[in-house]
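Below is one structure; the comments refer to it alone.
Every read-out reported here was derived from the displayed coordinates using simple, explicitly stated rules and does not represent laboratory data. These figures come from a predicted structure and were not determined experimentally. Note that we place each Cβ from the backbone using ideal geometry, even for glycine, and neighbour counts take in every protein chain shown.
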Amino acid sequence: MDVKQVLIYFVKRLYATAQSMFCQSPSVVAMMLTIILLLSACSMGEEVKRIRAVNEMEKERAQSQSTDLTGEQVFIRSCNTCHPRGRQGVGPALDQLSEHFATDEMLKRFIRMGKGVMPANPKETLNDIELDNLVKYLRALPKP
């Protein structure tokens, strides 16, 4: 049973109870039903708020997925200043990543956490999909 069916059931039961308790006085029954309907409307408002919140989260997730950057775009935005085209700059050349980071998970952790002058890249600035794309791009960089 959904919320609406439960409310209808209780309204019918309360209506029958109100009729028997108040000798079928129409004004008293009408007042009781008004109170019941107002209370049920309030509880439905919470359900509507919850559904709207879920819909907003789904909408934001769909928008974020459609705007994920490619590995190259992430590299240009976040890495190229210190590692120009993967070469040595302020940071080291990136052609020996496999020697320093045996797995993608190790490389992802390093990118997320940073170290020394390498800044951290929290999820707010680099989401998981973009991080995956960046790691694939870095692993595919040509060796000099």
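Under the combined filter of DSSP loop state and at most 10 neighbouring Cβ atoms within 10 Å, the stretch 86-144 retains these trypsin sites (Lys or Arg not before Pro): K123. Phi-derived couplings, Karplus 6.51 cos²θ - 1.76 cosθ + 1.60 at θ = phi - 60°, listed residue by residue for the stretch 97-114: 4, 4, 6, 8, 10, 5, 10, 5, 4, 5, 5, 4, 4, 5, 5, 5, 8, x Hz, with x used for Gly and Pro.
Counted by Cβ distance under 12 Å from K123, the other residues give a net charge of -1, where Lys and Arg count +1 and Asp and Glu count -1.
Classify the stretch 71-140: rounded, prolate or oblate, from the alpha-carbon gyration tensor (a ≥ b ≥ c, eigenvalue square roots; a/c under 1.5 rounded; otherwise prolate if a/b is larger than b/c)? Verdict is rounded for the stretch 71-140. Scalar couplings 3J(HN,Hα) for the stretch 128-142, obtained by applying the Karplus form with A = 6.51, B = -1.76, C = 1.60 to θ = phi - 60°, are 4, 5, 5, 4, 4, 4, 5, 4, 4, 4, 5, 5, 8, 4, x Hz; x denotes Gly and Pro. Distance between the 7 Å Cα→Cβ label points at R87 and D132: 3.3 nm.
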